[in-house]
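The values are calculated or read from the model by the stated rules, or taken from the named source; none is laboratory data. Here the structure is a predicted model, which is why all the values come from computation and not from measurement. Note that we place each Cβ from the backbone using ideal geometry, even for glycine, and neighbour counts take in every protein chain shown.
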Amino acid sequence: MINNLSAGGAEKALVSLLHEWDYSRYDVDLLLFSHSGLFLDQVPNTVRLLPEPYGFRFFDMPIAQVVRHALTHFDFGPLWARMRMKKALRGSYPATVREQLTWPCIAPVIPPLDEPYDAAIAYLQKTPIYYIVEKVHAPVKIGFIHNDYQHLQLRAAFDRPYFEQLQVLASISESCVHILKETFPDLSSHIHLKYNMISKSMIQRLAEAPITEEFDGHTVLSIGRLQSQKAFDQAIESCALLVAKGYRFRWYIIGEGPDRPLLEEKIKAYGLEQIFILLGLRANPYPYLQKATLYAQPSRYEGKSIAIDEAKVLGKPIVVTHYPSATDQITHGVNGLIAEMSPEAVAETIAQLLDDAALRSQLAENLRQEAAVGKEELTKLYHWIETTTL
C-alpha cells in the first residue's frame, strides 16, 4: 500500500518491485488512497488494484462538497472528521507532522479491509503505515521509511506505537537504518535494510526513446520534486556562478512540486530562463538522462536516491552534495564526485567535470562496472513474509 503512484522515488521503486515479483509465489493486491499518479499505468496486469478506501476523498475536496454530501446522504462522519482535523491543525507545523496529526481525525471514517492477508506492506512512511496497523488483518506487517527519518521532522512519539506493531521496519540505505536505530534503539532488532530495486534492462530500453529538447553543448540533469529537500533553489545559484565563468550549458530539472513559483521567480531574477529549465514531469526521464553530460543531485538530504541508481545504470558522471547518506551511493572520485553543500562548491564540482573529459570517461566506466540492485532484494522481502513473527 502507498498513497498514490505520483512521480517520486518510492513510487517508482514500488513499480519496479512489482515488475520483478514472482506471482507464482504470492498474489499481490495494491491499495492506493488515490488512483492517480504518473506511474499508475505502469502497474503490471498481474496486480489486483483495490478500490480506493472509502473516506479519503473527503479530505481532498472543498468543505462545501463535504457539507453537501453530509446533508444529501445523512452521512456526517466525514464532516465531523474535517472539523476535528481543522482544530488539530491550528498552528504552524511541518507538512510531515500535519499528516501525523490528520490521521487520528480521519481514521474513524475509514473502514478496515475485510479480506485477511498473509502480509501487509506499507511502502511509504506515515499514513500507509498507520493504515496497515489499524485497518488490515495480517500476521506480518512491514513498514518502509524512504528517507532520513530525522530530516523528515516527524514526531517519534506519535510513530512509536505504530512501529511497535510492525514485524519489520525497513529503510533503504545504511545511513537511514542507522538513524532509525538511533531514534528507536529499543526497536533495533526489527529495523532492517532493503535497497530499492531498479530494472536495468527496462531503463536501458526506455532510454532509447526520442526527446524534443536538443542542445549542442553540455547538459546537466537533475530529477526530483520541486521542494526544499532537493535544494534546486541553491542549484539556480550554482548555475548562475557557472554562467558567470563562461560555461555554455543547460541545466534541466525533471519534476514538479510546490516550489515551482519560487524557483521560476529566482530563475528570472538571475536571467537564466533559457539555461535553467524546469521541464515538469516526465513519465520517461531516461532519454534525458542518456543524453546528459552529467547528473546532479544537489539535495539537502536524501534517503537513497533512486535517480542516482538510474544514472549509474546509464553510466552518467554524478555530482551529489554531502548530505548524510551520500556516501551510501557515491565514493568520491570513484563513481562520482561529492560537493560540500553550498552553491559555490556545487558549481566548482560541476565545472571540474565539464572541464575534464577524461575524468567523465573514467567515472562512467567505473559506473558501468557496478551491478544494479536485483532480485536478491525480493528474496529478502519473501523471507520476512515467511519467517517473521513479533
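Conditions tested, residue by residue: (1) under 21 Å from A10 (Cα atoms); (2) in contact with a Phe, Trp or Tyr (Cβ under 8 Å, 6 or more places away or on another chain).
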{"site": "A311", "(1), (2)": "yes, yes"}
{"site": "L314", "(1), (2)": "yes, yes"}
{"site": "V320", "(1), (2)": "yes, no"}
{"site": "D328", "(1), (2)": "yes, no"}
{"site": "Q362", "(1), (2)": "no, no"}
{"site": "K380", "(1), (2)": "yes, no"}
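What residue, among those in the stretch 78-97 that are of a type in the set (D, E, K, R) and closer than 21 Å to Y54 by Cα, is surrounded by the fewest Cβ atoms within 10 Å (Cβ to Cβ)?
Of all residues in the stretch 78-97, those of a type in the set (D, E, K, R) come to 82, 84, 86-87, 90.
Filter once more, keeping what is closer than 21 Å to Y54 by Cα: 82, 84, 86.
Working: R82: 20, R84: 16, K86: 11.
Across the stretch 78-97, the extreme among qualifying residues is K86.
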Next item on the list: Tell me which of these S201 doesn't satisfy, since it passes every other one: (1) assigned to a loop (DSSP other than H, G, I, E, B); (2) more than 24 Å from R360 (Cβ to Cβ).
Entry: (1)
Item checked: Selected residue (only one of V346, V334, V320, V373 is of a type in the set (A, V, I, L, M), at pLDDT below 90 and at negative phi) -> V373
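Just need a number here: residues in the stretch 201-244 that are among the basic types (K, R) and buried (at least 18 other Cβ atoms within 10 Å of the Cβ).
The qualifying residues number 2.
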Item checked: Unmet requirement for M83, which otherwise passes all of (1) more than 30 Å from L279 (Cβ to Cβ); (2) modelled with pLDDT of 90 or more -> (2)
Check: How about the stretch 128-144: which of its residues are crowded, with 19+ Cβ neighbours inside 10 Å and either basic (K, R) or at pLDDT below 95 (or both)?
Finding: K141
Margin query: As an exercise: evaluate E340 against (1) within 28 Å of L193 (Cβ to Cβ); (2) crowded, with 17+ Cβ neighbours inside 10 Å and give the number of the one condition it does not meet.
Written below: (2)
Check: Do the conditions hold for A170, that is, is it buried (at least 16 other Cβ atoms within 10 Å of the Cβ), in contact (Cβ under 8 Å) with a residue 24 or more places away in the chain and over 26 Å from E99 (Cα atoms)?
Finding: no
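Does the stretch 296-310 hold any residues that are aliphatic (A, V, I, L, M) and closer than 20 Å to K194 by Cα, and which are they? Outline the logic, then answer.
Going residue by residue through the stretch 296-310, those that are aliphatic (A, V, I, L, M) are 296, 306-308.
Hits for the stretch 296-310 are I306, A307, I308.
Considering the stretch 164-178 alone, what residues qualify as being under 18 Å from the mean Cα position of the chain (by Cα) and outside any strand (DSSP E or B)? Walk me through it before giving the result.
Initially, the stretch 164-178 is screened for residues under 18 Å from the mean Cα position of the chain (by Cα), giving 169-177.
Residues satisfying the conditions are I172, S173, E174, S175, C176, V177.
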Next item on the list: Show the residue pairs that are 6+ apart or on different chains and have beta-carbon atoms under 9 Å apart, the first residue being within the stretch 119-145 and at positive phi and in the same structural domain as I172 (by TED's automatic domain parsing), the second being in a helix (DSSP H, G or I) and of a type outside the set (S, T, N, Q).
Entry: K126/E99; K126/W103; K126/D159
Next item on the list: Might you let me know whether the stretch 333-343 holds any residue that is within 28 Å of D216 (Cα to Cα) and either in contact with a Phe, Trp or Tyr (Cβ under 9 Å, 6 or more places away or on another chain) or assigned to a helix (DSSP H, G or I) (or both)?
Entry: yes
Next item on the list: Would you point out the residue of the stretch 195-230, among those that are of a type in the set (S, T, Y) and over 17 Å from the mean Cα position of the chain (by Cα), that is nearest to H19 (Cα to Cα)?
Entry: S201
Notebook entry, point to check: Is at least one residue of the stretch 6-20 outside the structural domain of G255 (by TED's automatic domain parsing) and surrounded by fewer than 17 Cβ atoms within 10 Å (Cβ to Cβ)?
Noted result: yes
Margin query: Checking L113 against (1) over 18 Å from F58 (Cα atoms); (2) without any contact (Cβ under 8 Å) to a residue 60 or more places away in the chain, only one condition comes out false. Which one?
Written below: (2)
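Search the stretch 338-362 for residues being closer than 11 Å to Q297 by Cβ and not small (G, A, S), and hand back the single one that is farthest from the chain's Cα centre (by Cα). Break it down into steps so the answer makes sense when it comes.
Initial filter on the stretch 338-362 (closer than 11 Å to Q297 by Cβ): 338-339, 346.
From what is left, the residues that are not small (G, A, S) are 338, 346.
On the way: I338: 21, V346: 22 Å.
For the stretch 338-362, the residue satisfying everything is V346.
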Checklist line | Selection within the stretch 245-265 - surrounded by fewer than 18 Cβ atoms within 10 Å (Cβ to Cβ) and either of a type in the set (A, V, I, L, M) or assigned to a helix (DSSP H, G or I) (or both) | finding: R260, P261, L262, E264, E265
Notebook entry, point to check: Looking at I179, I172, I211, I191, which one is within 21 Å of A292 (Cβ to Cβ) and among the β-branched types (V, I, T)?
Noted result: I211
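In the set A357, A326, which member is in contact with a strand residue (DSSP E or B) (Cβ under 6 Å, 6 or more places away or on another chain) and aliphatic (A, V, I, L, M)?
Values: A357 fails: in contact with a strand residue (DSSP E or B) (Cβ under 6 Å, 6 or more places away or on another chain).
The unique qualifying residue is A326.
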